[in-house]
Structure formats: C-alpha cells, structure tokens
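**Q** I'd like to ask some things about the structure below.
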Amino acid sequence: MWTWISDQLLKMVWLNDLMGKLIERFGLSLDSKIGASLQFFLFDTIKIFILLTILIFVMGYVQTFFPPERTKVLLGGLKGWKGNLLGALLGTVTPFCSCSSIPIFIGFTTAGLPLGVTFSFLISSPMVDIASIIMLMSFFGWKFAIAYVLLGLLLAVIGGTLIDKLHLENEIQDYIREMEEGLSQVETYTVKKRMAYGWGQVKEVASKVWLYVLIGVGIGALIHNWIPTSFIQSILGNNNPFGLLIATLIGAPIYADIFGVLPIAEALFAKGVPVGTLMTFMMSVTTLSLPSLIMLSRVVKPKLLGIFITICIVGILLIGFTFNSVAL
C-alpha cells in the first residue's frame, strides 16, 4: 500500500508515463537526449505545480490559525532553547523564500522578541516548511525528507541559541530598534475565509516562483541529460574534498525556494552526487540567497550579519559532512 502511495501519489509515476507517451506520440524517442530532456521538463514542471497548489493551499489555511499577534504572544513568553525551538517550528508555517521572511523578522524584532528566537525563525522559515517534507519525499524518499527537516530545525535552534548567547541586541540597525510596533486587529476567520486565504496564497506564491521553477527544471533537464556524469562527480563527488564547499558556494548566490531548487537537486542526485552534498546545496540556496542577505544587511549591522552567515555556512557544511559520512 505504501509503495503505491509513494509511487503514484508522491512520485507521480503515472504522470511521468503519461508525458512519455505524449512525447512518443509526437515522434520523439525517449532514448534521445531531446526526448528525455522534454519528458524531464514536462513531468517535473507539472508535478511541481500540482504539489505547489495543494501544499500552499493547505499551508495558507493553517497560517490563518497563526496571525502575527498570536505568534508574538507564543514566542514572547519563552526564552532559551525552548523559545528558539518554537521560533524554528513556527518558521515551518511561513512563506517559503528567504526574502519573504525578512519583513516578519523585522516585525518580531520591533515587538521585542528575543534575538535568538527571531534568528531561529529566520533560519528555519526559508529552509524548512511543511511543504518541503512532502516535496522531498516525492523526489528523494521519506528518509531524506525527514533527515533534511530535522537537521534544518536543529541548525535553526543551535544558530538562534548561539546568537542569543553572544548578546548582539545592539547589532540591530538603530532605526529598527526605534520602531514602534503598530496595533492591529486579529481577524476572525470562518472556514470560507480560511479557504479564500489559502487560495490567495496559492496565487501569490505561484506568481512569485513560477519563473524560478521553470528555470530550475530547465537546469535540471540540462544536467540530467546533457552533462556527463563523470564531470559532475569530479566537481561534487566524494572524490573531491572540496565538493561540499563548492556546493555551498554555488548555491548561495541563487535566489530560489524549495520548488525551484528540487529539480536541480534531483538531476544532481541522478548523476551520483552524494546526499550530503545535495543537502548543503539546497540549504545554501534557500537560506543564503544573495537578495535575502542584501535585505538583511539593511536590518542588522555587519558584525551580526557576518556571524549569521558564518553560523549558517559552518552548520550547513557539518550537516553535509555528517550525511556523506553516514549514508542513509
């Protein structure tokens, strides 16, 4: 039963077969590079948007139970690792891209929440979310998905704890610390309003990520069918001692979320890139994207920004090294 669920609902084998038959109907062989690339592109694009629609709607519905006012109340009463853990967990029900998390981070900061809690949220929010579990299971299986989520949460908690222990409150930009939190009303949601909000989130997120999804799938198709396996492994394989660092540095400038990065990771996985290296690449893309760091530099001072980047890079590399050493 689980095999059927995994193959047909998560991996959508039926859709891959359907795309293959469609391509063959137009006279293209699936054994050719062009036919295989087209099948990869069509299958992954449609699959991602199906999952995106379902998962964003569900997450949007869930988000209506956690308005900012309630979130601040929940986080404001906790300090230490418990507060950091809750901040990391609440990051799993927020928007996906790192840039979307910055305004929420500012709101939490102006509300006077502990700095460690806000950074646990900032690390977790783009890296780990409810949707990522299903998406990763669909592409890589449940072991990889669960490990990715748990280690991502662990990094968020440890990162927030370290920042809290360093007492860097003065490293927030002065204008942020001087801002006063505005008053707002907590809206009462009916089921109809929750569903409308969920669908609104689908349209909003899809409008922001569709181009990155297409670019990601296109790069994935290129890697999967046109770039030799030996070349990929020479750069990112276990035989290259700098593979993890290269994956992290390649991922950092890219601006994408889990939907855009998964097709690339899938193609790299098919080329034999170790799972730990894949993990460092995905975590780097989602957490250390250059646009989000530029935005964050307007909120925190250089010292705190540097510490945040260092914690993320070191944590991501340690996670990747551990994964590569203990293959799942």
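**Q** Can you list the residues, at least 5 places off or on another chain, whose amide H is less than 5 Å from the amide H of VAL300, using H built in the peptide plane?
**A** The list, which skips near neighbours in sequence, is GLN173.
**Q** Over 32 Å between Cα atoms, which of LYS21/LYS203; LYS82/LYS203; LYS11/LYS301; LYS82/LYS143; LYS143/LYS208; LYS11/LYS303 qualify?
**A** LYS82/LYS203; LYS11/LYS301; LYS11/LYS303
**Q** Can you figure out the FRET efficiency of THR53 with LEU150, using R₀ = 35 Å and their beta-carbon distance, to the nearest 0.05?
**A** 0.85
**Q** Where does the charge balance sit around VAL217 when Lys and Arg score +1, Asp and Glu -1, over other residues with C-beta under 10 Å from its C-beta?
**A** -1
**Q** Still on this model: For region 189-234, with equal point scatterers placed on the C-alpha atoms only and solvent neglected, what are the log10 I(q)/I(0) values from the Debye formula at q = 0.26 1/Å, to two decimals?
**A** So the normalised log intensities work out to -0.87.
Each value in this text was obtained by applying a stated rule to the coordinates, not by laboratory testing. Bear in mind that the values here come from a model prediction, so they are computed numbers and not experimental data. Quick reminder, even Gly has a Cβ in these numbers, built from the backbone with ideal geometry, and neighbours come from all protein chains shown.
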